[in-house]
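Colleague: Structure provided below as structure tokens; questions to follow.
The values are calculated or read from the model by the stated rules, or taken from the named source; none is laboratory data. In this text the structure is predicted, and so the values were computed from the model without any measurement. All Cβ positions, even for glycine, are placed from backbone atoms using ideal geometry, and neighbour counts span all protein chains on display. The accessibility values were calculated without ligands, DNA or RNA, using every heavy atom of the protein model including side chains. Shrake-Rupley method; radii C 1.70, N 1.55, O 1.52, S 1.80 Å.
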Amino acid sequence: MKIVDVKTFMVGVLPIQDWSFVKLMTDEGIEGIGEASVPFASPTAALMLEDMARDVLIGADPHKIEKIWTLLYCGRNCEHPDLTRLGIISALEMACWDIIGKAANQPVYNLLGGKFHDKVRSYRYLGLLDGSVRDVWRDPKANAEKAVEYVENGFTAIKIDPVQAFIGIGALGPRELSLEILRTTEAVVKSIREAVGDRCDICIGTHGQMTTHAAISLAKRLEDYHPLWFEEPIRGENTDEMARVAHATSIPIATGERLSTKWEFGDLLEKQAASIIQLCVSKLGGLLEAKKIAGMSEVHYAQIAPYGGALGPVALAASVQLDTCSPNFLIQEANELTPPALQTPTNHIFSELINDGLKLENGYIIPPDKPGLGIDFNEKVAAKYPPHTRLTTNWHWKDWLGPDTAITL
């Protein structure tokens, strides 16, 4: 079997979000689909996918995952962890696994160790895409009401980012937190815990907005409410500082969505900087690399909770394959896979693209038993939603910053 052609699909979801897909075709008529996560507009992402595919994959046997991965990673003298390059490699590797599974008439999880979990526990952000996120995360009562709504719809875990409500995502570097932010965040978490009791885990999501001192201060305030984790409290460049936070709190530290390759995760684990690993299959190099990282994590008694925040259905399908065969799987982020009562404007695109190939039952994803990634990618649906590139919309990067962040250029 040989790969003979490549095709890309750029799908518009929101003015600030496109999904990037790639299809590989073989001389035996079997096709595989993959999804990339890259921080560039769709035309650039499409060119990168086609460039790397034609550079290495055309004429290659898709079964040779290790060799393909090494050639893609080391090609053009670029062997170094890099989210953009690894995002492209992830999509191409993922598509190869889809082909391999279809050729063997087996789900990918059966080729990576077999089914360990019969169902995959999932969570989603509270109020993420319904336009109320910042208002909700500042309001303890509103948080509690929404959390109860999610529990009543089957979820056993939800995630919030109250710090984002004040200073946005990233917020231009590590910042100290005011007493107002600290007190409000504690009040929000306390309100949720009192409302849901022990029926639901609370995941504290942040995006590296804090200094080490601020992260430790916030963690100490939240310990009494037993969060499932404290996510990416500081930026990921400095693993030593992340370890300082981890060693100063009883709350498990979760991180990893902005890391790539086993080498970066190895450093994180060796320094005991996190015990919940949020690897992202469409950023770190694909399914086999993710399986290796899951194994490394197991050695350190760490669990995996794969990222799925802004990703499309193919990346989630690949994550579910990994989750299903990984003994140390904890929970899967799945913001777009949602029961009817919690639907958001983009959920229908997600479902239509894969012909409802992923099923959610009472907060758990049921692993598909179809070959490959277990989904059927609908190209006609993809054509219905052209990309919202940053070249043709009024989106601006400042839209990610919080309302209290002063910016002057």
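Colleague: What are the extents of the Cα atoms of the stretch 18-81 along their three principal axes, in Å, largest first?
Modeller: 33, 28, 15
Colleague: Taking the DSSP beta bridges in the chain as the whole, what percent of them are antiparallel, to the nearest 5?
Modeller: Looking only at bridges with both residues in the chain, the antiparallel portion is about 55 percent.
Colleague: Have a look at 227, 179, 48 and report the one farthest towards the positive end of the charge dipole of the chain, computed about the Cα centre with Cβ charges (Lys/Arg +1, Asp/Glu -1).
Modeller: Working it through, the farthest residue towards the positive pole turns out to be 179.
Colleague: In addition: For the chain, what relative contact order do you get, as a whole percent, if you take Cα pairs closer than 8 Å and at least 6 residues apart?
Modeller: 22 percent
Colleague: Over the stretch 261-393, what is the relative contact order in percent, taking alpha-carbon pairs closer than 8 angstrom and at least six residues apart?
Modeller: Relative contact order for the stretch 261-393 comes out at 18 percent.
Colleague: Would you rank 300, 80 by solvent-accessible area, highest first, keeping every protein chain in place and using a 1.4 Å probe?
Modeller: Greatest to least solvent exposure: 80, 300.
Colleague: Please give the calculated 222 nm ellipticity per residue for the chain, where each DSSP H segment of at least 4 residues contributes -39500 (n - 2.57) and the sum is spread over every residue; nearest 500 deg cm²/dmol?
Modeller: -11500 deg cm²/dmol
Colleague: I've got another one for you. So how compact is the chain: Cα radius of gyration and Dmax in angstrom?
Modeller: 20.4, 63
Colleague: Order 203, 78 by their accessible area, 1.4 angstrom probe, all chains in place, largest first.
Modeller: The most accessible residue leads, giving 78, 203.
Colleague: Just in the stretch 1-72: which trypsin sites (Lys or Arg not before Pro) are loop by DSSP and have at most 15 other Cβ atoms within 10 Å?
Modeller: Taking the stretch 1-72 and a limit of 15 other Cβ atoms within 10 Å, the loop trypsin sites (Lys or Arg not before Pro) found are 2, 64.
Colleague: Something else now. Residue by residue through the stretch 227-238, which ³J(HN,Hα) values in whole Hz follow from phi under the Karplus form 6.51 cos²θ - 1.76 cosθ + 1.60 (θ = phi - 60°), with glycine and proline marked x?
Modeller: 3J(HN,Hα) across the stretch 227-238, in whole Hz: x, 5, 7, 10, 8, 6, x, 10, 5, x, 5, 10.
Colleague: How much length, in nm to one decimal, is gained on full extension between residue 226 and residue 82, taken as 0.36 nm per residue of separation minus their Cα-Cα distance?
Modeller: Full extension from residue 226 to residue 82 adds 48.4 nm.
Colleague: With springs only between Cα atoms under 10 Å, which of 218, 322, 86 fluctuates most in a Gaussian network model of the chain?
Modeller: 218
Colleague: Which of rounded, prolate or oblate describes the stretch 192-319 when judged by the alpha-carbon gyration tensor and an a/c cut-off of 1.5?
Modeller: oblate
Colleague: Right, here's the next one. How far apart, in nanometres, would the label points at residue 27 and residue 248 be if each is projected 7 angstrom from Cα along the Cα-to-Cβ direction?
Modeller: A separation of 6.0 nm, rounded to one decimal place.
Colleague: First compute the accessible area of the chain with a 1.4 Å probe, then give the percent of it belonging to carbon and sulfur atoms.
Modeller: 52 percent
Colleague: Follow-up question, since we're still on this one. Over the chain, with a Gaussian network built from C-alpha contacts below 10 Å, which listed residue (242, 210, 52) shows the highest mean-square fluctuation?
Modeller: 52
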